[in-house]
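Asks: This is the structure I have questions about; it appears just below.
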Amino acid sequence: MHPVITASVPLLEPPGWATAQRELFDLLDRAWRRFARDFTEPDGRLRYTSGLTSRDGVDDFYEVFFNWPQLYLLGGADDLLAHSERHWEGVTRQLTELGMLKDEYERGYDWFHQGESLLLLYFLCMAAPGRWSHRARAFAELYVDPEYGNYDPDHRIIRRPHNGSDPGRDGLFDGDAYPWLPKEAQMYGFPLDWTVSPDTRQPTPESDPRLGEEMHRRMGSGDTAVNLAAAGLVLNAWMLSGERRYADWIAEYVGAWRERAAANGGVLPDNVAPDGTVGGLLEGRWYGGHYGWSWPHGWYSVGHAAVVAALAGAAATGDDSYLDLVRPALDGIIARGKVIAFTESDSSIRSKWIPQLAEDVDTSTLHVPFRYKDEGWFDYNPMLMAVPTALWHHTASDADRERIERLRAASGYDWRTVRSFRSKEEAGHEEPWLAFLAGDDPAYPEKILAAAQAQVRHRLSRMELYQDTEVAEADIHLWQQSNPVVTEALVQLTWGGPQVVYNGGLQQARLRYHDAAAMRPGLPAGVAALVSAIDPEATVVDLVNLDPESARSVIVQAGAFAEHTIRSAEHTVCEDPSWIGDLYDYGHTAPKVTAATTTVGGPWLRVELPRSSTVRLTLRLDLRTQAPSYRTPFDEPSRENAS
């Protein structure tokens, strides 16, 4: 039973954000078609004739298209979903031929990269759950069913840092030595540096024990914190199927890591030996595991995997205390922060921050340590806002909001500044979005939409420059850096959510939309949406039908996965037609706008938008009242209640 609200406020002067939003949809439609034409083959695979010589690379093929079905879900073209599915199929065949997949899944690699690979699959499941359920559940079984060799239920660990569909893929690399690149040494240093005495002459990479035998022995088996991102794969299967065994696995596996963190003073350790002991292969160190606190990324990999798992645990069990897997470590690195300019920091990921900070690289601001080793905390960077934003978006709690306010107060740069850049995660504009939600920058929607347009147009120029390039193995990031689909602005403005946590997260959103006439997800053509507040007691969204001739019908959904309940909806009303004026009037008066309230009591509300109309909805939400799932408003008959 979906209550119905009919918009009655006339749209006379379309707001700039609404026209800019629809212009971005139109530009993106041209751009993805151009990329498909210039960089892919008829079966959807990428144009690539070289081989792959290491275990790396699967993520770089799937990542190119990760947000294409996300754009469809936002309201992209009807045929974008079919194209996205074709690219997944084509790339999967391509990677199988290259020896990287077995049974359509990664043979074995770390979850920092697997999480990136799987975003495309997750969004396809969100867009077409019926077609993708079988595959997604089969992939989750690789971890839930111990017979596949990845999971040890006795010790509650994933057995290897490199894991997947091939149980024979041991260690971290093929051959005797890690395939080391000089640039890696320069950026991240060497793993296991404590195994070589400072007095020892620096060995060459090919003979360095830290990169061969020692890495195999100390880092090539047992569990590592970044494997926590596998909880996202299992959560996806649970939402598709509703089978309790998937939720039970999440509770068991994530719960084991919670216990290890609690035993470590609240800070999540990064390694567990095959016998279930933290530090068992590292002489008692809680740090030093593969993609852990010491090497290569620290918080960048550990924090993102942990929040993916924490949110999965909370979703699967209804217990928000799973978020304490993340909070102590997050608060710990914030407490160890120091105020310096980025140009004074020892950051190992300078290429990420320089375009994001721009002229503020010289501005003193809070930096927090991302990494830890025997000598203590190091690798200072500005705070990545994805994790604190994801926590607050989920809980809407005072404590999680206050943490964001403290981070803003400690920032030396203006959070209202919007810069045009596109990071690998297609994120990074959390600060100005949060400032907008705090009521500090009403111009943000138009500024972020302009920045998004700039990135699409920039990437169209990159595509033109590189369209005939014969891509070498070393240059496979070219595709990601040319992908013209940008979705962060649309996710923030229309869904009221942050961009997905890139290393394997599932989408967060206060609201989503369905085209009632076309019976598909996304905003209908000509309709724009702006979420300006996401407080559960006052989630505010403006819906605008820009079409001067045709009506549109939109179903508003509470939550990315219909997990929230809309208690009631206050909505703007114009019942007095006198604003039009009399027969001989040359102008019009301002429409008289009042308000009415409709009781909803479910996750869906239907909004009828006559031509050139607008409505502001103030929704009272109860968060997480229903199990998240891929059900849609079209799965069951509805009885419309006009209001």
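The values are calculated or read from the model by the stated rules, or taken from the named source; none is laboratory data. Note that the structure is a prediction, hence the values are computed from the model and not measured. Cβ sites come from the backbone with ideal geometry, for glycine too, and all protein chains shown count toward neighbours.
Asks: Only one of these is within 22 Å of the chain's Cα centre (by Cα), closer than 24 Å to MET126 by Cα and surrounded by fewer than 24 Cβ atoms within 10 Å (Cβ to Cβ): ASP324, ASP320. Name it.
Replies: Sole residue among the options that is within 22 Å of the chain's Cα centre (by Cα), closer than 24 Å to MET126 by Cα and surrounded by fewer than 24 Cβ atoms within 10 Å (Cβ to Cβ): ASP320.
Asks: Turning to a different aspect of this structure: Have a look at GLU608, GLU575 and point out the one that is in contact (Cβ under 8 Å) with a residue 24 or more places away in the chain and part of a loop (DSSP other than H, G, I, E, B).
Replies: GLU575
Asks: Also, quick follow-up: Could we say that SER612 is at positive phi and either modelled with pLDDT of 95 or more or hydroxyl-bearing (Ser, Thr, Tyr) (or both) here?
Replies: It is true that SER612 is at positive phi and either modelled with pLDDT of 95 or more or hydroxyl-bearing (Ser, Thr, Tyr) (or both).
Asks: Just give me the residues in segment 355-376 being surrounded by 17 or more Cβ atoms within 10 Å (Cβ to Cβ), touching a Pro at 6+ places or on another chain (Cβ under 9 Å) and in a strand (DSSP E or B), in sequence order.
Replies: THR365, LEU366, HIS367, VAL368, ARG371
Asks: If a residue has to be of a type in the set (Val, Ile, Thr), over 30 Å from GLY526 (Cα atoms) and crowded, with 19+ Cβ neighbours inside 10 Å to count, how many in segment 53-83 make the cut?
Replies: Within segment 53-83, residues that are of a type in the set (Val, Ile, Thr), over 30 Å from GLY526 (Cα atoms) and crowded, with 19+ Cβ neighbours inside 10 Å number 1.
Asks: How about segment 354-381: which of its residues are in contact (Cβ under 8 Å) with a residue 40 or more places away in the chain and among the aliphatic types (A, V, I, L, M)?
Replies: If the condition is that a residue be in contact (Cβ under 8 Å) with a residue 40 or more places away in the chain and among the aliphatic types (A, V, I, L, M), then LEU357, ALA358, LEU366, VAL368 are the ones that fit.
Asks: Step by step: first the residues of segment 620-643, then only those that are aliphatic (A, V, I, L, M) and modelled with pLDDT of 55 or more, then the one that is farthest from the chain's Cα centre (by Cα). Which residue is that? Give the derivation first.
Replies: Applying the first criterion (aliphatic (A, V, I, L, M)) to segment 620-643 yields 621, 623, 627, 642.
This time we only want the ones that are modelled with pLDDT of 55 or more, so: 621, 623, 627.
Values: LEU621: 23, LEU623: 20, ALA627: 20 Å.
So the residue we want is LEU621.
Asks: Another question about this same structure. Could you please let me know if THR96 is modelled with pLDDT of 95 or more and over 24 Å from LEU506 (Cα atoms)?
Replies: Values: modelled with pLDDT of 95 or more: yes; over 24 Å from LEU506 (Cα atoms): yes.
When the stated conditions are applied, THR96 passes them.
Asks: Follow-up. Six or more apart or on different chains, Cβ under 8 Å: which pairs go from a residue in segment 592-605 that's under 15 Å from CYS574 (Cα atoms) to one that's of a type in the set (Phe, Trp, Tyr)? Could you list them?
Replies: Final answer for the pair search is LYS592/TRP579.
Asks: Could you tell me which of the residues ALA390, ALA386 is surrounded by 18 or more Cβ atoms within 10 Å (Cβ to Cβ), among the hydrophobic types (A, V, I, L, M, F, W, C) and in contact with a helix residue (DSSP H, G or I) (Cβ under 6 Å, 6 or more places away or on another chain)?
Replies: Being surrounded by 18 or more Cβ atoms within 10 Å (Cβ to Cβ), among the hydrophobic types (A, V, I, L, M, F, W, C) and in contact with a helix residue (DSSP H, G or I) (Cβ under 6 Å, 6 or more places away or on another chain) holds for just one of ALA390, ALA386, which is ALA390.
Asks: Also, quick follow-up: Just to check your reading of the model, which residue among TRP238, TRP295 is of a type outside the set (Ser, Thr, Tyr), touching a helix residue (DSSP H, G or I) at 6+ places or on another chain (Cβ under 7 Å) and within 19 Å of GLY504 (Cα to Cα)?
Replies: Being of a type outside the set (Ser, Thr, Tyr), touching a helix residue (DSSP H, G or I) at 6+ places or on another chain (Cβ under 7 Å) and within 19 Å of GLY504 (Cα to Cα) holds for just one of TRP238, TRP295, which is TRP238.
Asks: For segment 263-287, which positions are closer than 17 Å to ILE157 by Cα and in contact (Cβ under 8 Å) with a residue 60 or more places away in the chain?
Replies: Those that are closer than 17 Å to ILE157 by Cα and in contact (Cβ under 8 Å) with a residue 60 or more places away in the chain: LEU268, VAL272, PRO274, ASP275, GLY276, LEU281, LEU282, TYR287.
Asks: For segment 1-100, list the helices (runs of 4 or more DSSP H) that sit wholly inside it and hold at least 3 residues that are under 30 Å from ASP542 (Cα atoms) and not β-branched (Val, Ile, Thr); which are they?
Replies: 16-39, 68-74, 80-97
Asks: Go through segment 24-35 and give me each residue that's surrounded by fewer than 19 Cβ atoms within 10 Å (Cβ to Cβ), in contact with a helix residue (DSSP H, G or I) (Cβ under 7 Å, 6 or more places away or on another chain) and either of a type in the set (Asp, Glu) or closer than 20 Å to GLU85 by Cβ (or both).
Replies: Passing the criteria: only ARG34.
Asks: If VAL387 meets every condition in (1) free of Cβ contacts under 8 Å to residues at least 60 places away in the same chain; (2) in a helix (DSSP H, G or I); (3) closer than 16 Å to LEU268 by Cβ; (4) not acidic (Asp, Glu) apart from one, which number is that one?
Replies: All conditions are met except number (1).
Asks: Let me ask you something else. I need the full set of residues from segment 424-437 which are surrounded by fewer than 20 Cβ atoms within 10 Å (Cβ to Cβ) and either touching a Pro at 6+ places or on another chain (Cβ under 8 Å) or more than 30 Å from TRP68 (Cα to Cα) (or both), in order please.
Replies: none
Asks: To continue, here is another question. Does segment 130-146 include one or more residues that are assigned to a loop (DSSP other than H, G, I, E, B), more than 23 Å from VAL302 (Cβ to Cβ), without any contact (Cβ under 8 Å) to a residue 60 or more places away in the chain and among the small types (Gly, Ala, Ser)? Steps first, please.
Replies: Kept after step one, since they are assigned to a loop (DSSP other than H, G, I, E, B), are these residues of segment 130-146: 145.
The next check asks that each one be more than 23 Å from VAL302 (Cβ to Cβ); those that pass are 145.
Those left that are additionally without any contact (Cβ under 8 Å) to a residue 60 or more places away in the chain: 145.
Subset that is among the small types (Gly, Ala, Ser): none.
No: segment 130-146 contains no residue that is assigned to a loop (DSSP other than H, G, I, E, B), more than 23 Å from VAL302 (Cβ to Cβ), without any contact (Cβ under 8 Å) to a residue 60 or more places away in the chain and among the small types (Gly, Ala, Ser).
Asks: Just give me the residues in segment 297-353 being in contact with a Pro (Cβ under 9 Å, 6 or more places away or on another chain) and at positive phi, in sequence order.
Replies: If the condition is that a residue be in contact with a Pro (Cβ under 9 Å, 6 or more places away or on another chain) and at positive phi, then GLY298 is the only one that fits.
Asks: Which condition number does VAL339 fail, the rest of (1) part of a loop (DSSP other than H, G, I, E, B); (2) more than 28 Å from GLU116 (Cβ to Cβ); (3) in contact with a strand residue (DSSP E or B) (Cβ under 9 Å, 6 or more places away or on another chain) being met?
Replies: Every listed condition holds for VAL339 apart from (1).
Asks: In addition: Can you tell me which residue among TYR300, TYR287 is within 22 Å of the chain's Cα centre (by Cα) and of a type in the set (Phe, Trp, Tyr)?
Replies: Criteria check complete, one pass: TYR300.
Asks: Can you tell me which residue among THR597, THR539, THR614 is crowded, with 23+ Cβ neighbours inside 10 Å and more than 24 Å from the chain's Cα centre (by Cα)?
Replies: Numbers: THR597 fails: crowded, with 23+ Cβ neighbours inside 10 Å; THR539 fails: more than 24 Å from the chain's Cα centre (by Cα).
Result of the check over THR597, THR539, THR614: THR614.
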